[in-house]
1. Counting just the residues of segment 434-474 that are open to solvent by 40 Å² or more (accessible area, probe 1.4 Å) and hydroxyl-bearing (Ser, Thr, Tyr), which one comes out farthest from residue 658 (Cα to Cα)?
2. For residue 182, work out the one condition from (1) open to solvent by 10 Å² or more (accessible area, probe 1.4 Å); (2) under 19 Å from residue 222 (Cα atoms); (3) part of a strand (DSSP E or B) it doesn't fulfil.
3. Is segment 64-79 home to any residue that is out of contact with any helix residue (DSSP H, G or I) (no Cβ under 8 Å at 6 or more places or on another chain) and at pLDDT 90 or above?
4. So which residues in segment 608-622 are touching a residue at least 12 places away in the same chain (Cβ under 8 Å) and of a type outside the set (A, V, I, L, M, F, W, C), if there are any at all?
5. Exactly one condition in (1) over 19 Å from the mean Cα position of the chain (by Cα); (2) surrounded by 15 or more Cβ atoms within 10 Å (Cβ to Cβ) is false for residue 770; which is it?
6. Of the residues in segment 92-132, how many are under 28 Å from the mean Cα position of the chain (by Cα), among the β-branched types (Val, Ile, Thr) and open to solvent by 10 Å² or more (accessible area, probe 1.4 Å)?
7. Does residue 691 count as in a helix (DSSP H, G or I), touching a residue at least 40 places away in the same chain (Cβ under 8 Å) and either more than 30 Å from residue 442 (Cβ to Cβ) or open to solvent by less than 10 Å² (accessible area, probe 1.4 Å) (or both)?
Amino acid sequence: MGTLRLNLRSSVRQLIRNPGFTVIVILTLGLSIGANTAIFSVVNSLMLKSLPYSHPERIGTIYTRITGSMASDERHNLDGEQWELLRDNVPSLISALSSGGTSGVNLRAGSSVQYLYAGRISAHYLDVLAIQPIIGRNFSAAEDRPHGPRAAILSYSLWRNTFAADPNILARPIFLKGEPYTVVGVLPDGVITPLNADLYTAIQPSRDGEGSGTNFSVITRLRDGATWLQADAELNRAWSLRADRYELRENPGAHVTYYSVPLQRGETASLRPQVLTLMLAAGFILLIACANLAGLTLVRVLRRTPEVATRMALGATSWQIQKQLWLENLMLAFAGGTAGVAVGFFALRALLVLLPEHFLPVAGVSLDLRVLAFTLCISIFTSVLFGMLPAFATRKLDLRSAIASRAAAGADRLRLRQSLIASEVALTVVLLAASGLLIRTLIHLETLPPGFNPDGVLIAKASLDDARYHDPTAFRKLLDESTAAIRRIPGVQDAAVGLSLPYERTLNSAVTLSDGKEAGQQDGTDVIYVTPGYFAALQMPLLAGRDFRDADGPATQRVAVVNQAFARKFYGGTNPVGRFIDKDTLIVGEVTDVSVSSGLYEGAPLMSEQAMYIPASQVDPQSLSLVHVWFQPDWVVRTARPLEGLTAQMQRSLASVDPSLPFSGFYSMRDLLAKTLATQRVEVALLSAMAGLALLLSAVGIFALVANLVAQKTREIGIRIALGSTLRQTMVQIGTPGVRASALGLFLGLAASAGALRAIRGVLYGVGVYDVPTILTVVLTLASVTLIASAVPTLRIARIDPAKTLRDE
């Protein structure tokens, strides 16, 4: 212990004696470890932290894998018949359903109306999660049947804030979705579910209602004594009895397999590739930092060669010297790790602000003990990594020459430092290329031709998941009177209502073509109800036929307007006006394509899909009650006045028609585009920040290499200048090693990028992996940084006095 105290004291003195070196090392480690800490916090929450439920390892979800000669698919959702199959034939599982996401609803409490997020769940959903209400109960089987009693379970925050934590709430009806609901339970404080809603209603699953397609998300819990293998076997045995159904009708050679996955994996499956890519990028930062610090530490050790040689001449062993150096590196690593925790804390807070809403499905993100343990481990790892080469450099010393000279550069050690810089530059090239490709992708998506004029448009959304508006007459009256009231606002040029908008996900439905080359065939298309004036409000050009009219009503000919993508796919690009869809729907017009969220299709975040617009006045009652569960219609207003002062007047206009119907939010078209591309923006911001940090670290490494050469060769430089060498020749000669190392790293990085960047091919749109502008930008950026980092330290050569150098000699 006495020896350890002496070594610690000596290490502290050495670090204090070299404050510049110490500060640079701690800052470099703090930034690199902080980046890893912040990203690992998200990885920990998504993939490692146990879900906040009892025995989370026994909670799972069901996937369906469909393989065959004509189709290959993997699905997470079930339809009504598949749900019955699971519920009735798999005794190893307690199974339950949810809607897979929340929907907006209006709650009337007293004289006020609140817009809330509601989750639709089946009986046993909370039982699967082992959640029991603090008052009341979970949904019963009777409440979960079609047309069963209307019941609701409140979150604790809603119960406390809206109902003042009334213990008698179970005896009071609440008015939700325009009709009375009975409160049957209140969840405990702090409880979260995968839906994380304000309140929950019974989903009442069936084969004919909601979920008859593929809209149910299932969660399961293993019963005591059962295993996941047993549950999967029961699932597939039950399925084999009905193997002639579903996709097998269209794909006779298909094979269907059910299998279980842990709930945490199922909830985060779509996020894992992006998060792991960011973790890999953070790992690159750490390796770059280690290579950089290894070079700096090697220089420092070489400068201490006379000291080390003197100690060895006085009897110190090589192990004692190395132990001292390791201890100094370890202290630096722990100091850098402490700084990394601080940097990670603030970086994580910034990251959570950047992340899209509901990016993290269940678990919260924090710097918990696992994250701190991770930080400790990478601190020790960096200590070993950047201290290894310098410590080994002391193993073979010529005591006579070491004591006689102040420094020993050596060609082999210069090559070692150049190799370290080349490696960090190569990693930097990969990060720069990846961030460049993502930036180019984002620019491509943001500059796609929108197909309409997004300027001067204000959007207001409202939830019509309301029993009062299941009646088509009341629905038409609301739309007609509210748009008329909004048009009377000064400065409003036009107003209309549509089920969805450009940049948003739209309702996808099956339609049957009545003529053309695919007559009689059924295919999926986006179906959007709109009011007259919708195309004018968005300034979507009408290419053929006519717009909708006020005369297009429930008692007249059913009509539709299709877009160019619809005409291209089903009619070969010919004029579609006059053709029929679903036997009785006449196409009366054609409009331009607009960019929409890809929805159910695999593809870019924004794309042009085939779409069919229908008059809102011709939507049937059953469709009204279903589509408004999933979608909130949009009031579209085109105005010549500033958008900011219009919202209050629009809310008053809607209240003049229905005082109990609030707008849930107001948006510009730019807001909707930003929301659609939120994930791409986060990826670009984070990867660009890491690439910038890597570039900075590489520049520091090149600068340090050249600056050290200037310091080591001051005597040689003075003699060369005294003998007639020009300043330019000397600067080029000294700066060349940094340029060579960077050039080698650039070549290796481009070669590595050719293979590594294929991993992100799935998130690139409008740009290829081998994008020439991106490669040229990376080359020019790195060349510029290299030249600057190499040139700046060589300017010190101009201050060298040859006469003084010769006198010293």
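The values are calculated or read from the model by the stated rules, or taken from the named source; none is laboratory data. Keep in mind it's a predicted model, so treat the numbers as computed, not measured. Neighbour counts are summed over all protein chains in view; Cβ atoms, including those assigned to glycine, are modelled from backbone coordinates with ideal geometry. Note: areas computed on protein heavy atoms with side chains; ligands, DNA, RNA excluded. Shrake-Rupley method; radii C 1.70, N 1.55, O 1.52, S 1.80 Å.
1. Filtering first and then ranking leaves 447.
2. That leaves (2) as the condition not met.
3. No, there is no match, as no residue in segment 64-79 is out of contact with any helix residue (DSSP H, G or I) (no Cβ under 8 Å at 6 or more places or on another chain) and at pLDDT 90 or above.
4. Of everything in segment 608-622, those that are touching a residue at least 12 places away in the same chain (Cβ under 8 Å) and of a type outside the set (A, V, I, L, M, F, W, C) turn out to be 608, 609, 610, 613, 615, 617, 618, 620, 621.
5. Residue 770 satisfies all of (1) over 19 Å from the mean Cα position of the chain (by Cα); (2) surrounded by 15 or more Cβ atoms within 10 Å (Cβ to Cβ) except (2).
6. Of the residues in segment 92-132, 1 are under 28 Å from the mean Cα position of the chain (by Cα), among the β-branched types (Val, Ile, Thr) and open to solvent by 10 Å² or more (accessible area, probe 1.4 Å).
7. yes
Yes/no per residue for (1) crowded, with 22+ Cβ neighbours inside 10 Å; (2) modelled with pLDDT of 75 or more:
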| position | (1), (2) |
| --- | --- |
| 698 | yes, yes |
| 702 | yes, yes |
| 714 | no, no |
| 732 | no, yes |
| 735 | yes, yes |
